Structures are given as C-alpha cells and as structure tokens.
1. Which ³J(HN,Hα) values, rounded to whole Hz and listed in residue order, are derived for the range 309-321 from phi using the Karplus coefficients 6.51, -1.76 and 1.60 in 6.51 cos²θ - 1.76 cosθ + 1.60 with θ = phi - 60°, glycine and proline given as x?
2. Using modelled backbone amide H atoms (1.01 Å from N, in-plane), which distant-in-sequence or interchain residues come within less than 5 Å of residue 114's amide H?
3. Using only C-alpha positions, report the orientation-averaged shadow area of the convex hull of the range 1-130, nm², one decimal.
4. Ranked from highest to lowest mean number of other Cβ atoms within 10 Å per residue, what is the order of the peptides 286-292, 73-79?
5. Under 16 Å from the Cα of residue 148, which aspartates and glutamates turn up, not counting those fewer than eight places away in the same chain?
6. Quick one: if the Förster radius is 30 Å, what FRET efficiency do residue 228 and residue 104 give, using the C-beta to C-beta distance and rounding to 0.05?
7. With every protein chain left in place, what is the accessible area of residue 109 in Å² (1.4 Å probe, nearest 10)?
8. Determine which aspartates and glutamates satisfy two conditions relative to residue 271: a Cα distance under 19 Å, and not lying fewer than 8 residues away in the same chain.
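The values are calculated or read from the model by the stated rules, or taken from the named source; none is laboratory data. Every value quoted in this text rests on a predicted model; they were computed, and no experiment measured them. All Cβ positions, glycine included, derive from the backbone under ideal geometry; neighbour counts span all protein chains shown. Accessible surface is based on the protein model in full, side chains and every heavy atom, while ligands, DNA and RNA are left aside. Shrake-Rupley method; radii C 1.70, N 1.55, O 1.52, S 1.80 Å.
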Amino acid sequence: MISRAPVPIARIAGTGRFLPPRVLTNAELEAMVETSDEWIRTRTGITERRVAEGEMGAAVMGAGAAEAALANAGLTASDIDVVLVSTATPDRLLPSTACDVQALIGANRAFAYDFATACSGFPYGLAMATGHIAAGQAENVLVICTEKMSSIVDWSDRTTCVLFGDGAGAAVVSRATGESGILSSFMRSDGTLAELLYRPAGGARIPIDIAVLDEKNHFIKMAGPEVFKNAVRSMCDAAEEALRRAGVTSEEIDLLVPHQANIRIIESTAKYASIPMEKVFVNVDKYGNMSSASVPVALDEAREQGRVGEGSLVLMVAFGAGLTWAANVVRL
Ligand code: ACO
C-alpha cells in the first residue's frame with residue numbers, strides 16, 4: 001500500500017496561463033451546426049470557449065503560460081532543469097513540443113520532453129516533476145499543459161465541437177523546503193477503453209490519406225455518455241485515493257480543482273467526494289474543455305482570485321483519453 005511521504009519533496013512555486021484572445025460563443029456555434037445555446041449550457045455548462053487562430057499552436061501557447069508561471073515564481077528560464085509538456089495536440093509529431101517551448105522561452109540548461117496522458121496531464125505532470133526532484137535530477141521543473149483542441153475537432157460534428165476549447169496552463173515545481181508541497185499523487189489508466197475517446201487515424205498505424213480525410217478519421221471521436229460515466233467513477237476513485245495517501249479528509253480540503261469537461265461531471269464528482277460546490281472551482285463556462293490545460297488554468301485563476309493562498313489545501317483531479325485518471329493533494 002502506498003502512503004503519504006512524511007515530508008513533501010516538491011512544491012508549486014508559481015502558476016501561469018495563456019488563453020488565446022478569440023472567443024467563440026454558443027451563438028456562433030448555432031450558426032455552424034444544429035445546436036442551441038440552451039442545449040449546450042444545460043448539458044455542459046459551457047457558454048463560450050477560446051480558439052487559437054492561424055499558426056498559433058501548442059508551443060506558443062505553452063511558452064506564454066510558462067513565462068507567466070516563471071514570473072509568478074520569481075524565476076527565469078535559465079533556472080529550469082526540466083520542461084515537461086502535456087499535449088494531445090503537438091504542433092509536429094517530431095520533435096516534441098517541449099523542445100519547441102524550451103527554445104521559445106530560452107530554458108538553455110534544461111532537458112525537455114512531451115507526455116501524452118490527455119486531460120489528466122497536470123496531475124500526472126506534478127507527479128513526474130516530483131520524481132525528477134526526488135531523483136536529484138532537478139531543482140526546478142516546468143509542467144506545461146497546452147492544447148489546441150480546435151485543430152482536432154470536426155467542426156461539423158455537434159456532439160464534440162461544442163465541448164472543447166484552446167489554452168495553456170503551467171506550474172513551476174521546485175524542491176520543497178517546508179510544509180508546502182505536493183502531499184500525494186495518484187495515477188491510473190485503462191487502455192482497454194481507449195476507443196471511447198480517440199483519434200482513429202493520423203499516427204503511424206493509419207497515416208493520413210485521402211480515405212482518412214474523407215471519413216474524417218483524423219478527428220476526435222467520443223462515446224459521450226460512456227465517457228461521462230467513466231469520468232465520474234474515475235475522478236471519485238482518484239480523489240479518494242489521493243486524500244488517503246495524503247492522510248487528509250475531504251472536509252480539510254479548501255478547494256477542489258477538477259478537470260473542467262462538463263459541469264454535470266464536476267457536480268457529481270464533488271457530491272461523491274463530499275465536497276460542497278462552494279469549495280469547487282469552476283470555469284468551464286468560459287473556456288469549455290481544454291483537455292490537460294483545464295486544471296492548471298483553473299488553479300492559476302483560483303490563486304489570482306484569492307480563492308486559495310499560502311497554506312491552502314487543494315485537491316486536483318482529472319480524467320481523460322486513454323483512459324487515464326489522476327489526482328493530487330497539494331498544500332500551497
Ligand atoms: N446540440 C444539440 N443536440 C445535441 C448536441 C448538440 N451539440 N450533441 C448531441 N445532441 C443530441 C444527441 O444527438 C441526442 O439526440 P437524440 O436523443 O435525438 O439521439 C441528444 O442530444 C442526447 O445526446 P447524449 O449524447 O445522450 O447527451 P448527453 O446528455 O449524454 O450529453 C455530452 C452529451 C455533453 C457529450 C455528455 O455525454 C458528456 O459530457 N460526456 C462526457 C464528455 C467529456 O467529458 N469528454 C471529455 C472527457 S476526457 C477529455 O477531456 C479529453
């Protein structure tokens with residue numbers, strides 16, 4: 001049985017976000033597919049989302065979030081030892097988006113790599129950063145989650161295109177020196193459920209060709225109601241296990257920062273985790289589902305709005321394609 005590390009190894013030293021300026025409203029979507037503002041708001045809680053236009057991609061957005069997080073931590077890019085990038089929408093398949101971000105921000109002492117755990121990227125990234133620090137490979141790690149979901153969505157498919165948005169969030173994770181820190185991490189995946197949420201083609205097995213384009217198999221496909229059920233179950237399990245490993249109860253949590261996919265999933269998760277909605281951060285209305293960027297953007301906004309501060313106990317929990325799910329308990 002894995003239990004709590006007596007003293008935290010790593011802490012969140014700063015957070016930042018980047019949101020592309022273009023706002024796409026539900027009213028605009030009504031003109032694109034057969035949907036309505038009312039359907040989208042009642043089924044998902046989303047009223048608008050951001051879209052990265054033109055060549056603005058994962059690296060540029062990720063670099064924007066990283067620079068904001070560095071400024072918030074009072075560090076510069078040359079203080080960074082590792083650049084970790086979570087993205088389901090890399091700018092190119094080779095090399096990694098992390099290397100592109102490294103070049104953009106000038107993290108000239110770092111090593112950089114991408115990882116692919118979809119929407120669960122931030123809690124996974126905090127755990128990986130902790131591992132690098134524990135292993136003596138790093139003092140300061142950038143965990144960046146950056147997603148251009150608009151580039152993999154079929155804009156003629158109303159069952160998916162209304163759900164997603166673009167953006168990036170980041171955290172600087174540094175060696176802990178006191179009680180503040182990442183108290184626990186929990187991660188899990190189930191590859192047997194991969195095809196509930198996936199892009200059938202565009203990788204090595206089925207590269208893009210005319211047939212793929214005709215059948216739109218390079219776009220995201222999702223079994224929405226199945227994903228919904230798994231999301232609630234997995235996020236509750238992850239929350240419970242992260243709390244247990246940290247040795248804290250849900251009553252002690254100051255703020256739950258869940259993955260922002262759908263307000264109904266958030267409300268169900270909070271209910272099962274026995275956390276009242278006043279202690280849950282929600283911004284899915286403004287941004288939709290930004291995949292892995294959701295949790296760090298929400299955490300950054302929560303800190304900026306004073307919903308949490310030094311000493312606050314935060315539970316972060318996420319769920320995504322893979323399927324993957326993960327959670328952390330963090331003392332800010
Ligand atoms: N506008 C209007 N009607 C729609 C739309 C739309 N945008 N989309 C679907 N419908 C219709 C369907 O066609 C269906 O019509 P029918 O009854 O005539 O067949 C009806 O609405 C109900 O469809 P359901 O899919 O059953 O609707 P549901 O209440 O389950 O809501 C939703 C769909 C919002 C996708 C929900 O299942 C959900 O949120 N699932 C989880 C999605 C998610 O979180 N994905 C991401 C998680 S992982 C990651 O972030 C990568």
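1. x, 4, x, 5, 9, 10, 10, 10, 9, 8, 8, x, 4
2. HN-HN under 5 Å from residue 114: 85, 98.
3. Working: hull surface 45.2 nm².
For the range 1-130, the mean projected area of the Cα convex hull comes to 11.3 nm².
4. On the way: 286-292: 28.3, 73-79: 15.9.
The peptides rank, most packed first, as 286-292, 73-79.
5. Output for residue 148: 48, 53, 55, 91, 100, 114, 166.
6. Numbers: r = 36 Å, r/R0 = 1.21.
With R0 = 30 Å, the Cβ-Cβ based efficiency is 0.25.
7. Accessible area of residue 109: about 140 Å².
8. 237, 240, 241, 251, 252, 254
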